[in-house]
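Visitor: Dumping the structure here so I can ask a few things about it.
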Amino acid sequence: MNYDFDWSSIPGALPFLWDGMKISLEITVTAVIFGIVWGTLLAMLRLSPVKPLAWFAAGYVNLFRSIPLVMVLLWFFLIVPQLLRSFFNLDPNTDVRLTSAMIGFALFESAYYSEIIRAGIQSVPKGQVAAASALGMSYSQAMRLVVLPQAFRNMVPLLLTQAIVLFQDTSLVYMSALADFFGAAYKVGDRDGRLVELLLFAGAVYFVLCFTLSQVVRRLQKRMATV
Amino acid sequence: MITIDKVSKHYGSFQVLTDCSTKVAKGEVVVVCGPSGSGKSTLIKCVNGLEPFQAGAITVDGISVGDPKTNLSKLRSRVGMVFQHFELFPHMSITDNLSIAQEKVLGRSKDEARAKGLKLLERVGLKAHAEKFPGQLSGGQQQRVAIARALCMDPICMLFDEPTSALDPEMINEVLDVMVELAQEGMTMMCVTHEMGFARKVANRVIFMDKGLIVEDDSKDAFFGAPHSERARQFLAKILQH
Amino acid sequence: MSYQWNWSIFSSPVPTGETTYLGWMLSGLQTTVTLSLCAWVMALALGSLMGVLRTVPNKWLSGLAAAYVEVFRNIPLLVQLFIWYFVLPELLPFGLGDAFKQQLNPLTQQFLSAMVCLGFFTSARVCEQVRAGINSLPRGQKNAGLALGFTLPQTYRHVLLPMAFRLVVPPLTSEFLNIFKNSAVCSTIGLLELAAQGRQLVDYTAQPYESFIAVTLLYVLINVVVMSLMRVVETKTRVPGYMGSK
């Protein structure tokens, strides 16, 4: 090995990298929240007795789950910005990349969240709905008050694990030249000719964050298993 | 044949076996009984080295089980073992279950192994099921196949670990019949079981264990006639109520 | 908004003239499939090995395999890819890195980096599935194998693994599908696979919708083909009398 490491460009770039991290987190949080909300709706549609609604949800979920995230993001980076601009009559120079990235991730992840939530709803014994109906609750009341609270409790670890995956996936916004954490690291490395150091640094940061979080999830899972 | 000398075992601070000593002579049938959690299953698993132990010594046919230099696989290939949950290999046909170890461990030819397997399958009365898979047989049938599988290896002795306790009551006898027959042919057997009828019929000795200790180790008649510990008397009284 | 649809674009020749745009698309599809299959073979082999190591009664070996999984699971695929492609050649000893950069043509460099990256990334997931498969078998199975005189490796080979692999066919199917989808990430290092060809088509023809719809449909097609293939595998490996089969 005859490579001379030089880590000196990292300290000065930390504020820039932190700005990038904020973008990564912003996309993650928006997509998780929106993904869970829309995913819950999709899951309920899919389990609903109204056939066309169930078909729509199944089609949506299967389509998004069969195409690569990269492809979805390409759609959202090339096509959605034009739509947004013409739809809201925006100035052609308005930067809508962040918005379209968020929408893209949210729509994509909701397909995955919907599957987790569907499994969670189905894991609640059928007798619970029957018991709720016997008490005079409507279907939506039974879902809201009885089934979903139990389902979400069981799903928390899976939803969090999916959030960690999503956080890792946000690095793909690099494709739109948006300076998320990874994009920022790449830019700094490219500017200073220190790509090796910056890429290793980025990898280490992702590892520490995701590993720590996954350990927290694991502990949570253990604690929930014993309750 | 089997010598167990002052064997002790613990998981962390939990003592599973304490100073257990006994012997099984060639041709002898020894029944081990006791309440659940008494360590009897652990003891029998120690005999062919499936469970390690921390103190004492076990020899089978003069070979030390605990000695790290012992070739355990070779020793185990000569000791037959039958498990509570049969443990047939679900992805293989009955024939393959019977021949795989003969081929891979003893190096017998495929034809030889199949012939031997079929002969023993016939002996346990299941020749018609040779091409089925374990999942297609009843529990009693599976356990008889498991006994045949062990016998295929021409074992010098047989270990039974609660062979009937996972079976529906109506299937217990078909398995016990095979075991009785085996005992009457002079096979050396060590059986962990609660089947006292089986013990009365063929056992030479009965060992009673409680809390990791061998409490009684006596001839069959002495054990059933007048057990000298209170715990064994209680155990027998309980068993009779079933 | 007026958009001029033009599906005949696929039959028009590319600027250099040696093929049509459809030809580009198909060569992208071919790269995606070849890359994914090569990486999948690697992931299966490595993942099975690591999955077995995670279950062996040896703290060092199982700890090593656990660390392996954590590393490949907790770093984004894109970052891993860039590390394989940009960083590793710089750090390889004995001039291997220079050989990689100077003697291999760029296409081979991209393909190799992409394959190794996807292979390792997916192997960590395969490892977890194999481990789960082995651990879901009754404990007595291992004892039964050992009691018959099998050595530990023989017990794995004849008793545990054949059954574990049958159990994990469904989860492995989804990993197999993922490797095709993940291969699209490799367009970022310039590998001309399906997604990259789609993008290139947009640049050359200014017909983004046709191009993206075609690429999206091709991915859906891959998905359908792989799923039906794996369903055949599942039926073929089904054990009579075991779990839902007859």
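No lab work stands behind these numbers, since they all come straight from the coordinates. Just so it is clear, the model here is predicted, and its values are computed rather than measured. In this analysis, Cβ positions are derived from the backbone assuming ideal geometry, glycine residues included, and neighbour counts consider all displayed protein chains.
Visitor: Run the numbers on chain A and let me know its relative contact order in percent, using alpha-carbon pairs under 8 Å that are six or more apart.
Guide: 29 percent
Visitor: Can you show me the helix-derived [θ] at 222 nm for chain B, built from DSSP H runs with n ≥ 4 at -39,500 (n - 2.57) apiece and divided by the number of residues, rounded to the nearest 500.
Guide: Calculated at 222 nm, the ellipticity per residue is -11500 deg cm²/dmol.
Visitor: Counting partner chain Cβ atoms within 10 Å of every residue's Cβ in C:223-232, what's the average?
Guide: For peptide C:223-232, the averaged partner shielding equals 1.
Visitor: OK, next. Just to confirm the filter: which trypsin sites (Lys or Arg not before Pro) across the range A:192-225 are DSSP coil and have at most 15 other Cβ within 10 angstrom of their Cβ?
Guide: The qualifying sites: there are none.
Visitor: How shielded is C:210-217 by partner chains, expressed as the average number of their Cβ atoms within 10 Å of its Cβ atoms?
Guide: Across the residues of C:210-217, the mean count of other-chain Cβ atoms within 10 Å is 3.
Visitor: Once you sort the root eigenvalues of the Cα gyration tensor of the range A:11-226 as a ≥ b ≥ c, which label holds: rounded (a/c under 1.5), prolate (a/b larger than b/c) or oblate (the other case)?
Guide: Verdict is oblate for the range A:11-226.
Visitor: Next question. Below 15 angstrom from the Cβ of A:Ile164, what's the summed charge of the other residues (Lys, Arg +1; Asp, Glu -1)?
Guide: Net charge around A:Ile164: 0.
Visitor: If you don't mind, another one. Under a Cβ-Cβ cut-off of 15 Å, what is the net charge of the residues other than A:Leu107 that fall near it, where Lys and Arg count +1 and Asp and Glu count -1?
Guide: -2
Visitor: Rounded to the nearest Å, what's the spacing between the alpha carbon centres of the range C:49-85 and the range C:169-187? Just the number, please.
Guide: 18 Å
Visitor: Could the peptides A:11-18, C:193-200 be put in order, highest first, of the mean number of other beta-carbon atoms found within 10 Å of their residues?
Guide: Result, highest mean first: C:193-200, A:11-18.
Visitor: Post the alpha-carbon centroid distance, the range B:17-70 to the range C:112-165, in whole angstrom.
Guide: Between the Cα centres of the range B:17-70 and the range C:112-165 lies a distance of 30 Å.
Visitor: Tell me the chymotrypsin sites (Phe, Trp or Tyr not before Pro) within the range B:145-223 that lie in a loop according to DSSP and have at most 11 other beta-carbon atoms within 10 Å.
Guide: none
Visitor: Taking a ≥ b ≥ c as the square roots of the Cα gyration tensor eigenvalues, with a/c under 1.5 meaning rounded and otherwise prolate when a/b beats b/c, else oblate, which class fits the range B:43-113?
Guide: Oblate, since a/c reaches 1.5 and b/c is not below a/b.
Visitor: Still on this model: Counting only chymotrypsin sites (Phe, Trp or Tyr not before Pro) that sit in a DSSP loop (anything but H, G, I, E, B) with at most 13 other Cβ atoms within 10 Å, what is the longest stretch of chain C containing none of them?
Guide: Looking at chain C, C:95-246 is the longest stretch - no exposed chymotrypsin sites (Phe, Trp or Tyr not before Pro) with at most 13 other Cβ atoms within 10 Å.
Visitor: For the range C:29-162, what does the relative contact order come out to in percent, with C-alpha contacts under 8 Å and a separation of six or more?
Guide: Once divided by the residue count of the range C:29-162, the mean separation gives 38 percent.
Visitor: In peptide A:199-208, how many Cβ atoms from other protein chains are near each Cβ within 10 Å, on average?
Guide: 5
Visitor: Longest segment of chain B with no trypsin sites (Lys or Arg not before Pro) in a DSSP loop having at most 16 other Cβ atoms within 10 Å?
Guide: Free of exposed loop sites, the longest segment is B:70-210.
Visitor: Are there any GluC sites (Glu not before Pro) in the range B:143-242 that are in a DSSP loop and have at most 13 other Cβ atoms within 10 Å? List them by number.
Guide: B:Glu185
Visitor: What does the highest-first list of A:150-156, A:180-186 look like by mean Cβ count within 10 Å?
Guide: For the peptides A:150-156, A:180-186, the packing ranking is A:180-186, A:150-156.
Visitor: Can you give the net charge of the other residues whose Cβ lies under 13 Å from the Cβ of B:Met171, counting K and R as +1 and D and E as -1?
Guide: Net charge in that neighbourhood comes out at -4.
Visitor: From the square roots a ≥ b ≥ c of the eigenvalues of the alpha-carbon gyration tensor of the range C:16-237, which class results: rounded (a/c under 1.5), prolate (a/b over b/c), or oblate?
Guide: Cα axes put the range C:16-237 in the oblate bin.
Visitor: For the range A:150-180 and the range C:189-246, what is the separation of their Cα centres, given in Å?
Guide: 23 Å
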